[in-house]
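Colleague: I'd like to ask you about the structure that follows.
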Amino acid sequence: MKNQLLGIIAIMAITLGSCTQPTSTKELFNSDWQFTISDDTFDEIQSATEWEAVSLPHTAVIEPKVMTGQWQGICWYKKTFEIPASAKNQNYLLRFEGAMNASEFWINGVKVASHQGGYLPVVFDFTQAAKIGENTIFVRLDNTDNKITGPKPMATLDFNMYGGLYRDAFLIIKNKLHITDPILAAKPAGGGVFVTYPKVEKESATVKVQTNMANNGANSKSFTVVNELWDGTQLTASNTSSETKVTAGSTIDAIAEIEVKNPKLWSPKSPSLYTLKTKVLLNGKVVDEEETHIGIRKIGFQNNKFQINGEELFLRGVNRHQDYPYVGYALSNEANYRDAVKIKEAGFDYIRLSHYPHSPAFMDACDELGLVVLDAILGWQYFSRDSLFQQHIFETAHDLIRRDRNHPCVLAWEVSLNESWMDEPFIDKLHSIAHEEYPGDQCFSAGWQEYGYDIYLQARQHRLKHYREPEKPYSVSEYGDWEYYAQNAGFNQDDWGGLKQSERTSRQLLSDGEAQLLQQATNIQEAHNDNFNTPAFSDSYWVMYDYNRGYSDDLEASGIASIDRIPKFSYYFYQSQRDADEISELYESGPMVHIASYWQKNSPLNVRVFSNADEVELLLNGKRLGTQKPDDNRISNHLAHSPFTFNIPKFEAGELLAKAYIDGKIVATHSVKTPLEAKTIELKIDESGRKPKAGVNDVVFVYASLKDENGTTVPLNEVDVQFEVKGDAKLVSPGQIKTEAGVAAILIKIGANTDEISISASGENLTSGTITFIPE
C-alpha cells in the first residue's frame, strides 16, 4: 500500500463461521506528512512547492530555549493516504488529539470540518468525501490571538500555546454498526464507552459499562456486546448482553454491569489498573472492539476532607505546564510519561493541570503511576460576555469530560477560567455541564470562585490578608511563587511595582547558585507548612518545571526543576515529604536523604539535609558532626518530614556524608564532595521510566556534566559544551550549549531505526565524553 500507515493498532475480527463482516480499525496517522508556513488560501496552497517532510507530533517552529516572542501565524499540513478496497462501504473518521488553534480540514478538495481550540480532540466523519484508493488531506492551522478561544493575547499571556499538529492523529474506519466516538455524542454522558462504579467495596465492586452503538446502515441490525475485564493476562470477569436491535440511522446504549470479587482498588499508593475489552458482535462476528484502561475506586469528601476508597488522604501536589524547550507542546507519548515519572519521584501524589487539558498520554501515565489529577479547561485571566466565546467554553467543558471521564486519576473537573472573574450564570452553566456529563456522586466541579462549584480553588497569594474559611472542600491551588515575588500580590502580572529583592523570590534559575536555590526551598517549606493551617484537603506548588511565557523574554523560574528537567534543591525537599515506607517499582521511592549543598568555599555553613528518616548523622571527611532529629520551628511544625539543619563552624574542603536512620538502622546515604577543577565530561540520557523509542518522534534530554577527578559535578555556569550526534537521531537544540550549575542539556529527536546512536560532548581543556544506546 502506498504511504503505508505506521503504528497500526488494528482491531481484528474473531472468525466464527463462514460469514465475513468488515471490522473496525484504528491506525496511527502520524507519518508521511508535509508541512509549510504560508498564509495562502486553500486554492493557492495546492500549487505550493516548498513543503517539508515531517511526522507527528510536530511543532510549527523550533523555538529558542528562552523565547523572545513566540511565532504566530498560519501553517499548512498535507498528506496522501489510502483507504483499501476491503474497507468499502464503511464509515471513515479522523481524530486529531491536538491541532493548535483554529483548524480547517479538506479531503479530496472538499472542506469536511473546522474547529476552534487547540487542546482537545478534533474528530470528524469524512465518509462523503472519501474514496477507495488514494486520498489527500490538507489541514490549515491558525495560532494567532483568538477572542473566541482566549485566553489572552500572547503579548500578555503568562505561558505559550505554540502551534502545529502536536499530538497523535488517528485514521478510524468503522463498520456501519459501531461504537461511537464520545466527542461526537449528541447528548451529555453519551457516546463511546463510559465506565462508572455504582458499588466499590474491598470485598466486591460493580463496574457499569455504557456502550453507545450507532447503525449507519440501511437496515435494522441486531447485535450483542461482550465486556471482558482483564487483570494483565488474567480474565477477571465478563458480561454478555442479550441481543439488541438498533434501527437504521439511529443510536442506542447497551448497558452492562460486571461484578468483581475482591477488586484491586486504584489509589495513589496502589494504582491498580484493569483492561476492559468491549466487543460488538453481529451475526456472531466481532465488528468493533475498544479497550479501556480503568481503575476501580471511590472518591468523596467527609467533613470536607478527601477520601479515596474510604481512607482519608491529604493530596500533596504541584502544577505543570506541558511544554519542552525548543519543541513546545510537541512531546512524544514517552516524553509525557517521563514528565509524569519525575513528578511522582519528586514526592507528589497530585497534579493540577494548568491551565488547559494536557496530553492523553500524560493522563495515561497519571493512571499508571498513581497521580491524582485536577483536570482543567483552557482559561487564564480572560473572560468575555461574547456569546461565541461562552458557547465555545461550554463545548470545551463537554469535550474535556468526554475525553477523560474513564481515567481513574481524575479527581475533579476545573471547568473554570482561572483568575478570570466570571458571571454567576456562566458558572452555573459550567457546573451543570460537569454533572450532566458525569452523573452521580463521583463528579466534582472545581473553580477559583467559591460560588457555584463543588470544590473551591484558592491560590495562597489570593488569601493573604483576606482569608475566610470556606464552607466546602478547599484546595490551595497555587502557592510558593507569587507571594514571594511581588509585594502587591494580585492578578496584574504586568504591574512590576513593589517587587521584592531577587534574593527573596522563589523564581531562581538552576544557575543562580546555592544561596538563592536554598531561598527557594525555604519559601516553599514555609508556604507548604502554612497550608496545613487551613482546612485544605490538597495543595499544589507553582510550578514543577521552569517554562517560557508569551509576555516576557525570560524563563518563569519558580520550578523545582529547570526547563531541561534538572532538579533544584527544592525538588529534594518535596521528595523527603513522601513516607519512607512507600515503595514502588515504577519510580524512585522509599527512604531518601539529600544534602542541599555543593560544599565549596562559599557554601552556606548552615547545611540543610532533606530526608524522610527519623534521624540524620552528618560526617565531614569521616569526622562525625552529630546526629540530629528533624528541625522543629515555625516553618516546619506541620510538615510530614522537616529538614535537618547542621550548623558547621567553618568550611573544610572534602566530603560531607549524610546517613539516614530509621529505628536505629541506616536506610539511605548521600554525599557531596568539594568540587575541584573540571577535567572530563560525563553524559547521561534521561530515561525516567521510559527508554528512548524509535519511530514515534520521541524527544529525549541528554545531560553533559562537568566532572572533576573524583567524579564530582563542578557547578560552573556558562561553560561551552559542543555536541555531536551520530546515528538515526538529530539535535533539536543547538549543537553548542552553555552549562548551568555544571550541566549542559541538549534535546534530541529519535529516528525510525533501532540502530545504535552515539552522542559525544567536548569542551575546552576537558576530556570528551561519549555515550551510545539503542532505542527500543
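The values are calculated or read from the model by the stated rules, or taken from the named source; none is laboratory data. From a predicted model like this one, the values you see are computed outputs, not experimental measurements. Neighbour counts run over all protein chains shown; Cβ positions are idealised from the backbone, glycine included. The protein model used for the area step is the full one, side chains on, heavy atoms only, and it has no ligands, DNA or RNA in it. Shrake-Rupley method; radii C 1.70, N 1.55, O 1.52, S 1.80 Å.
Colleague: Given the conditions (1) open to solvent by less than 10 Å² (accessible area, probe 1.4 Å); (2) among the hydrophobic types (A, V, I, L, M, F, W, C); (3) out of contact with any Ser or Thr (no Cβ under 6 Å at 6 or more places or on another chain), report the number of the one that residue 361 does not fulfil.
Modeller: (1)
Colleague: If residue 564 meets every condition in (1) charged (D, E, K, R); (2) in contact (Cβ under 8 Å) with a residue 60 or more places away in the chain; (3) in a strand (DSSP E or B) apart from one, which number is that one?
Modeller: For residue 564, the exception is condition (3).
Colleague: Do we find a residue being among the acidic types (Asp, Glu) and without any contact (Cβ under 8 Å) to a residue 60 or more places away in the chain anywhere in region 289-305?
Modeller: Yes; the residues of region 289-305 include at least one that is among the acidic types (Asp, Glu) and without any contact (Cβ under 8 Å) to a residue 60 or more places away in the chain.
Colleague: Same structure again: What number of residues within region 237-271 satisfy the criterion of being closer than 30 Å to residue 585 by Cα, in a loop (DSSP other than H, G, I, E, B) and without any contact (Cβ under 8 Å) to a residue 40 or more places away in the chain?
Modeller: So the answer is 1.
Colleague: When the residues of region 616-649 are filtered to those that are touching a Lys or Arg at 6+ places or on another chain (Cβ under 6 Å) and part of a strand (DSSP E or B), which remaining residue is least open to solvent (accessible area, probe 1.4 Å)?
Modeller: 617
Colleague: Give the residues of region 278-290 that are among the charged types (D, E, K, R) and more than 25 Å from the chain's Cα centre (by Cα), sorted by residue number.
Modeller: 279, 285, 288, 289
Colleague: Separate question: Look through region 37-74, keep the residues that are of a type in the set (Ser, Thr, Tyr) and open to solvent by 60 Å² or more (accessible area, probe 1.4 Å), and return whichever of them is farthest from residue 169 (Cα to Cα).
Modeller: Ranking the candidates gives 68 first.
Colleague: Go through region 84-117 and give me each residue that's of a type in the set (Val, Ile, Thr) and surrounded by 20 or more Cβ atoms within 10 Å (Cβ to Cβ). Working first, answer last.
Modeller: Of all residues in region 84-117, those of a type in the set (Val, Ile, Thr) come to 107, 110, 112.
Across region 84-117, the qualifying residue is only 107.
Colleague: Looking at region 701-738, which of the residues that are among the small types (Gly, Ala, Ser) and assigned to a strand (DSSP E or B) is nearest to residue 773 (Cα to Cα)?
Modeller: 729
Colleague: Sticking with this structure for a sec: Check 156, 149 and return the single one that is touching a residue at least 24 places away in the same chain (Cβ under 8 Å), polar (S, T, N, Q) and open to solvent by 20 Å² or more (accessible area, probe 1.4 Å).
Modeller: Exactly one of 156, 149 is touching a residue at least 24 places away in the same chain (Cβ under 8 Å), polar (S, T, N, Q) and open to solvent by 20 Å² or more (accessible area, probe 1.4 Å), namely 156.
Colleague: If you don't mind, another one. From 562, 611, grab the single residue that is over 30 Å from residue 154 (Cβ atoms), surrounded by 21 or more Cβ atoms within 10 Å (Cβ to Cβ) and at pLDDT 95 or above.
Modeller: After applying the criteria, what remains is 611.
Colleague: Please go through region 542-561 and pick out each residue that is of a type in the set (S, T, N, Q) and in contact with a strand residue (DSSP E or B) (Cβ under 7 Å, 6 or more places away or on another chain). Step through it out loud before you land on a result.
Modeller: Taking region 542-561 first, the residues of a type in the set (S, T, N, Q) are 548, 552, 558.
Matches in region 542-561: 548 only.
Colleague: Identify all residues within region 574-586 that are over 22 Å from the mean Cα position of the chain (by Cα) and part of a helix (DSSP H, G or I); write none if there are none.
Modeller: Scanning region 574-586 gives a single hit, 576.
Colleague: Restricting attention to region 75-103, report how many residues are in contact (Cβ under 8 Å) with a residue 60 or more places away in the chain and assigned to a strand (DSSP E or B).
Modeller: 16
Colleague: Just need a number here: residues in region 211-240 that are more than 18 Å from residue 190 (Cβ to Cβ), among the hydroxyl-bearing types (Ser, Thr, Tyr) and open to solvent by less than 50 Å² (accessible area, probe 1.4 Å).
Modeller: Selection size over region 211-240: 2.
Colleague: Additional query: Please specify each residue of region 497-542 satisfying the condition of being crowded, with 18+ Cβ neighbours inside 10 Å, of a type in the set (Val, Ile, Thr) and within 23 Å of residue 374 (Cβ to Cβ).
Modeller: 524 - this is the single residue of region 497-542 that is crowded, with 18+ Cβ neighbours inside 10 Å, of a type in the set (Val, Ile, Thr) and within 23 Å of residue 374 (Cβ to Cβ).
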